[in-house]
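The values are calculated or read from the model by the stated rules, or taken from the named source; none is laboratory data. Bear in mind that the values here come from a model prediction, so they are computed numbers and not experimental data. No Cβ is skipped: glycine too gets one built from the backbone with ideal geometry, and neighbour counts run over all protein chains shown.
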Amino acid sequence: GENVEQHPSTLSVQEGDSAVIKCTYSDSASNYFPWYKQELGKRPQLIIDIRSNVGEKKDQRIAVTLNKTAKHFSLHITETQPEDSAVYFCAAKRGGGSSNTGKLIFGQGTTLQVKP
Amino acid sequence: GAVVSQHPSRVICKSGTSVKIECRSLDFQATTMFWYRQFPKKSLMLMATSNEGSKATYEQGVEKDKFLINHASLTLSTLTVTSAHPEDSSFYICSARSWGTDTQYFGPGTRLTVL
């Protein structure tokens, strides 16, 4: 079945530095890749997503890149701030068939700590 | 837009009792809802997928008779943990998605503690 591997499990950066989190997926039929941010005890919140027909997407300080050939995608956060500290999850969803039944396969999560 | 609520946020119950958790989509029609379980410092573990008006599809290893899911309307799904035991204590989170879209929106979660 589909598997999503996420690295690193923990990441500590200084405020203002960049942070990069990487994920690889196994199912070549995956075509939707969201990233979620989860603060302690809170719900996961969608921060950015990308579809397989696009190689890169940016939203202010956040960007996601996708390499379909290598089956990996990455989250890039620039100019990190302490409020970026949280757990980040990548996910992949298989395309085709009914988009009403496809499920997200989540990575293991990355705990990002931004030091002031 | 795309708000999902969950109730209750916290519940403490005695071993052997049943607990019902509600998940509501407040401003959109959720044709598909998902139920996850999350252990401390761990990822989201999908328990089941429910489509409105259909029986839920459970993931391997999840007991359907223990975790009863009902998705009777386009805005409400419920998860009932039957005969709860301490090992069922966990953070349960739902998410919802509307027809023909990929994006899932999560509820705030329910912290279940079984004594």
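Here B:32, B:80 are screened, and the one residue that is crowded, with 19+ Cβ neighbours inside 10 Å and not acidic (Asp, Glu) is B:32. Evaluate the following for residue B:58: is it within 11 Å of another protein chain (Cβ to nearest Cβ) and either out of contact with any helix residue (DSSP H, G or I) (no Cβ under 9 Å at 6 or more places or on another chain) or buried (at least 18 other Cβ atoms within 10 Å of the Cβ) (or both)? For residue B:58, the condition - within 11 Å of another protein chain (Cβ to nearest Cβ) and either out of contact with any helix residue (DSSP H, G or I) (no Cβ under 9 Å at 6 or more places or on another chain) or buried (at least 18 other Cβ atoms within 10 Å of the Cβ) (or both) - is not met. Summed over the stretch B:66-93, the residues that are of a type outside the set (A, V, I, L, M), part of a loop (DSSP other than H, G, I, E, B) and modelled with pLDDT under 95 give a count of 1. Count of the stretch B:1-14 residues, restricted to those that are more than 18 Å from residue B:94 (Cβ to Cβ), in contact with a strand residue (DSSP E or B) (Cβ under 7 Å, 6 or more places away or on another chain) and surrounded by fewer than 13 Cβ atoms within 10 Å (Cβ to Cβ), is 1. Against the conditions (1) outside any loop (DSSP other than H, G, I, E, B); (2) surrounded by 15 or more Cβ atoms within 10 Å (Cβ to Cβ); (3) in contact (Cβ under 8 Å) with a residue 24 or more places away in the chain, residue B:99 satisfies every one except (1). Consider residue B:49 carefully, then state whether it is assigned to a strand (DSSP E or B) and out of contact with any Leu (no Cβ under 6 Å at 6 or more places or on another chain). Yes. Whether any residue in the stretch A:14-29 is facing chain B (nearest Cβ under 10 Å) and polar (S, T, N, Q) is what I want to check. No; the residues of the stretch A:14-29 include none that is facing chain B (nearest Cβ under 10 Å) and polar (S, T, N, Q). All of B:82, B:110 fail the test of being of a type in the set (S, T, N, Q) and more than 11 Å from the chain's Cα centre (by Cα), apart from B:82. The number of residues in the stretch B:1-46 being part of a loop (DSSP other than H, G, I, E, B) and in contact with a helix residue (DSSP H, G or I) (Cβ under 9 Å, 6 or more places away or on another chain) comes to 1.
Residue B:42 meets all of the listed conditions (1) crowded, with 16+ Cβ neighbours inside 10 Å; (2) without any contact (Cβ under 8 Å) to a residue 24 or more places away in the chain; (3) within 10 Å of chain A (Cβ to nearest Cβ) but one, namely (1).
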